[in-house]
Amino acid sequence: MASYLQIENISKSYGPKILFEKIGFNINEGDKIALIAPNGTGKTSLMRILAGKDKSDSGGKIMFLKDIRIAFLEQDYPFDGEKTIFEQIMSSSEEFTKGLDQEHLWEYERRVIKFLTNFNLSDPEQKMKELSGGEVKRVALTQMLASEAEFFIMDEPTNHLDIDAIEFLEGYLSRSRCTLLMVTHDRYFLDRVCNTVMEMDHGAIYTYRGNYQNFLEKREERIANYNAETDKVRNILRRELEWIRSTPCARTGKARYRINAFYDLKDRASQVYTQKQVSMEAVKGGTRLGTKIINCKDLSFFYGDDCYLDRFTYNFQRYEKVGIVGRNGAGKSTFLNILTGRFFEDDPGTLSGTIERGESLKIGYYHQSGMNFNPDDTVLDIVNDTWLLNRFLFPHEMLNNKVERLSGGEKRRLYLLTILMQQPNLLILDEPTNDLDIVTLNILEEYLKEFSGSLIIVSHDRHFLDKLADHLFIFCGNGVVKDFVGTYSEYREYIKEYEAEQKAKERAADKSAKGSKEFVPQADAQPQKRKLTYKEQKELEQIEKDLEALAAEKAGLEEALSSGTLPFDKLQETSERIGRIMEETDEKEMRWLELSDLSS
């Protein structure tokens with residue numbers, strides 16, 4: 001198996017803050033690696049160094065296998081607002097299109113159009129300046145995927161994407177033979193795409209083969225073993241300290257080696273593993289909530305000829321937790337602005353209907369766009385409470401740092417603190433998981449589960465929604481909002497079953513229409529049923545056996561994958577086999593439906 005990337009002795013620091021120092025690792029062909037680390041520890045800096053966008057402070061070596069193509073997805077995609085989507089992609093893809101003959105260039109352009117269609121960007125002539133943040137991200141992903149590079153480096157690929165786009169990207173990357181290194185906070189995405197987790201912790205790199213759950217378990221083992229070793233070293237240090245104090249010969253040259261070893265032990269004994277975590281206890285609870293929260297009746301909102309809300313009626317209840325999902329541009333954020341009274345009369349849109357808010361209602365609104373601050377604002381200017389800041393992982397040495405110098409995740413964490421410290425009784429969170437590290441997300445989830453108020457969440461993070469939402473508002477487009485009682489995963493299963501039923505009905509209707517053209521029965525004639533031929537009946541029976549066998553094989557392989565005991569070559573082989581099983585199952589299910597329709 002070829003080594004695609006070798007890293008040796010690279011470092012990065014900003015002023016006195018050391019992000020990582022002389023780290024090294026290796027990435028092999030076929031690896032699909034998720035890089036995990038707390039916010040502010042240098043994930044994005046490392047990715048930029050690997051992609052040639054930044055340099056290591058200590059020199060070091062970054063060695064890619066010769067002749068492999070590398071595509072890099074940055075968090076912020078640079079673009080020219082005056083260019084069309086297609087012009088932007090093609091002008092930014094010159095390293096992949098340079099030297100192609102006309103036939104291969106046309107093939108490249110066809111791939112671009114295919115991915116734009118898959119990402120629901122139907123007009124490649126639309127200007128970049130007209131796109132939303134989520135649409136810009138889909139353009140960046142189209143450019144990357146169309147390159148068909150052997151090695152993808154991706155920094156938060158799911159940020160700002162709606163769930164349909166995430167699920168398409170997830171399916172494509174899980175089936176692809178590409179090599180992948182990505183930073184992500186999306187735990188479902190990580191589990192379904194990656195076969196390895198790489199952790200950056202206290203300036204060092206640790207690699208775990210397997211899924212996210214395996215990473216959590218093995219990480220706990222590593223920390224426990226390290227601290228157990230520290231305890232042993234401390235016991236030895238106590239004996240050596242007694243020897244140093246009680247033995248005169250300890251001061252002679254003869255015992256110098258033992259004295260040197262003593263100081264080495266002393267240094268190692270002081271290294272206890274500690275992991276700082278955000279503490280939500282300081283901001284727990286909210287103002288007492290009355291019986292009336294927000295009552296909506298016949299709310300409609302139009303922007304020009306486009307309808308974003310059509311006669312929406314609902315009374316929000318105390319302590320309920322609502323998830324809001326839908327495609328980018330379906331009106332989710334607009335809906336939140338209406339609920340919170342941030343819709344102004346001078347807005348070009350038209351709002352009708354009635355909305356009533358409870359007298360005791362105190363709203364904490366976390367915006368997708370983040371907080372506004374002056375360039376000269378420091379952390380302490382934003383939150384003038386050193387104890388609270390420390391609980392949210394802003395130590396004393398960071399308090400006078402300018403906010404603009406914080407990482408994306410640190411800015412989000414600070415913004416979240418400004419919302420929670422107001423102690424609201426209705427929390428409205430618009431894409432709260434963007435840029436937050438996984439550890440902070442886990443703690444935030446536990447806090448919100450116990451939150452003594454009402455909760456409304458717009459999120460593309462399926463794990464986050466599954467953990468928190470009691471029911472979902474589905475923004476279907478054209479102002480239609482459906483209420484689904486259940487988790488997001490249950491909703492997706494329902495949609496898949498519904499779509500399969502609709503396709504089956506469409507195929508049956510097509511067959512019926514074709515039959516009616518060939519033969520028009522008399523008014524008193526009885527409809528004739530078509531029986532399966534002997535060969536078709538045998539095929540149907542065999543497909544049912546095959547589907548049962550494929551399901552059993554897939555379940556066994558998934559169990560093996562999650563065990564964390566498979567060697568790496570078997571991990572790759574098993575992941576690829578699961579992908580083939582899913583494709584084969586889809587084909588057989590389609591044929592089973594066709595034969596079943598004939599026999600019904």
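The values are calculated or read from the model by the stated rules, or taken from the named source; none is laboratory data. These numbers come from a predicted model, not from an experiment. Note that each Cβ is placed from the backbone with ideal geometry, even for glycine, and that neighbours are counted across all protein chains shown. Please note that ligands, DNA and RNA were not included when accessible areas were found on the heavy atoms of the full protein model with its side chains. Shrake-Rupley method; radii C 1.70, N 1.55, O 1.52, S 1.80 Å.
Packing, as the average of other Cβ atoms within 10 Å across residues, places the peptides 359-366, 82-89 in the order 82-89, 359-366, highest first.
These residues, M371, M590, go from largest to smallest accessible area, 1.4 Å probe, as M590, M371. Decide, for the stretch 34-142, between rounded, prolate and oblate: order the square roots of the alpha carbon gyration tensor eigenvalues as a ≥ b ≥ c, take rounded if a/c falls under 1.5, and otherwise choose prolate if a/b is larger than b/c, else oblate. Because a/c hits 1.5 or more and a/b fails to exceed b/c, the stretch 34-142 counts as oblate. Between N225 and S3, how high is the FRET efficiency from 1/(1 + (r/R0)^6) when r is the Cβ-Cβ distance and R₀ = 45 Å? Nearest 0.05. Here the calculated transfer efficiency is 0.95. Excluding same-chain neighbours fewer than eight residues apart, the aspartates and glutamates reachable from K505 by a Cα-Cα span under 17 Å are E497, E589, E594, D597.
Under a 1.4 angstrom probe, counting protein chains only, how are D31, D510 ranked by accessible area, largest first? List each step's numbers first, then the result.
On the way: D31 0, D510 90 Å².
Heavy-atom accessible area, descending, gives D510, D31.
Once the Cβ-Cβ distance of S489 and N235 is raised to the sixth power relative to R0 = 56 Å, the FRET efficiency obtained is 0.70.
As a rough guide to protection, the peptides 139-147, 315-323 ranked by mean Cβ packing within 10 Å, highest first, stand as 139-147, 315-323.
To the nearest 10, the accessible area of E199 is 10 Å² with a 1.4 Å probe.
Treating r as the C-beta distance of D381 and R177 and R0 as 56 Å, the FRET efficiency rounds to 0.65. For D546, D80, the ranking by accessible surface with the largest value first comes to D80, D546, using a 1.4 Å probe. Based on C-alpha pairs under 8 angstrom that are at least 6 apart in sequence, the stretch 61-162 has a relative contact order of 49 percent. Dipole magnitude for the stretch 125-172: about 240 debye, using +1 per Lys or Arg Cβ and -1 per Asp or Glu Cβ, origin at the Cα centre. Direction-averaged projected area, Cα convex hull, the stretch 390-451: 4.6 nm², rounded to one decimal. Place +1 on the Cβ of every Lys and Arg and -1 on the Cβ of every Asp and Glu in the stretch 65-157, take the dipole about the Cα centre, and give the residue among S92, G81, F119 whose Cα lies farthest towards its positive end. Going by the charge dipole, the pick is F119. Whole-Hz Karplus values for the stretch 477-492 come out as x, 6, x, 7, 10, 9, 9, 10, 8, x, 7, 5, 4, 5, 5, 5 Hz, taken residue by residue from phi with 6.51 cos²θ - 1.76 cosθ + 1.60 and θ = phi - 60°; glycine and proline positions read x. Note on K83: lysines with a C-alpha under 16 Å away, same-chain residues under 8 apart excluded, are K127, K129, K137. For the stretch 5-81, the square roots a ≥ b ≥ c of the C-alpha gyration tensor eigenvalues yield an a/c of 1.5 or more together with a/b not exceeding b/c, which makes the shape oblate. Name the residue from L414, L436, F394 whose Cα lies farthest towards the positive end of the charge dipole of the stretch 338-447, charges +1 on Cβ of Lys and Arg and -1 on Cβ of Asp and Glu. Ranked along the dipole, the leading option is F394.
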